[in-house]
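In what follows, a single structure is set out as structure tokens and then discussed.
What follows draws every value from the coordinates through simple rules; no lab data is involved. Because the structure is a prediction, the values reported are computed rather than measured. FYI the Cβ positions are ideal-geometry reconstructions off the backbone, even for glycines, and counts take in every protein chain you see.
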């Protein structure tokens with residue numbers, strides 16, 4: 001995140017001025033090497049600064065300040081998991097409260113950079129418990145909490161989303177039922193239309209037969225009528241002849 005505070009507490013390593021009668025040549029050489037490592041770090045040459053601090057660690061592996069500065073060099077190279085290991089070792093051997101707080105802050109930064117929001121939030125809280133006025137820790141805590149909220153929305157929203165999904169599924173099921181019902185109704189309507197067509201065809205067929213029967217009946221009646229007329233004419237003629 002662009003607004004994320006990238007500040008890490010880089011501990012200046014000074015040669016302790018102790019009142020002694022005899023200067024230790026080896027200690028002077030170590031102090032010189034530390035100053036050289038510090039200059040490399042400040043110039044942005046974090047890799048060679050790390051190598052210099054590690055060389056010094058070979059002689060004093062539990063030195064909290066050296067472990068701390070190795071961690072700072074690794075952090076600048078975006079090697080957050082490795083940096084955290086050196087910070088934790090520095091924290092385990094540190095006695096100065098300010099140094100401990102700075103180490104804890106940088107560990108929280110490593111957690112955040114590694115996308116371990118829960119761990120980073122707890123780390124910033126620990127820093128603020130010891131130093132409530134730490135503005136960087138407070139700022140980064142707020143950003144980590146906001147990021148956590150984005151990744152984990154409130155349960156109610158999830159319930160609403162699930163409910164919305166259930167409602168959508170129910171609507172789809174109701175729609176399927178309605179479509180099925182409409183299809184059944186459509187089929188029933190088609191069946192009714194087919195029945196009506198059959199009935200119409202049957203009715204038309206009956207009327208035709210009845211018409212044929214009626215025509216035959218009329219023909220028969222006409223024949224009978226004609227026969228009757230002929231019979232009446234013959235009888236009349238016979239009667240006339242008899243009168244003569």
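Structural remarks
- A Stokes-Einstein calculation at 10 °C with viscosity 1.306 mPa s, built on the Kirkwood radius of the stretch 88-136 over Cα pairs, returns a diffusion coefficient of 147 µm²/s.
- For the stretch 25-151, the spread of Cα coordinates along the three principal axes comes to 55, 27, 21 Å, biggest extent given first.
- If R0 is 22 Å, the Cβ-Cβ spacing of residue 139 and residue 96 corresponds to a FRET efficiency of close to 0.35.
- FRET efficiency, 1/(1 + (r/R0)^6) with R0 30 Å, evaluated for residue 88 and residue 47 via beta carbons: 0.90
- Residue 78/residue 146 FRET efficiency (R0 25 Å; Cβ-Cβ; nearest 0.05): 0.65
- Ordered by the number of other Cβ atoms lying within 10 Å of each residue's own Cβ, fewest first, 50, 79, 148 fall into the sequence 148, 79, 50.
- Ranking of 70, 127 by count of other Cβ atoms within 10 Å, fewest first: 127, 70
- In nm, spacing of pseudo-spin labels at residue 36 and residue 128 (7 Å Cα→C-beta vector): 4.4
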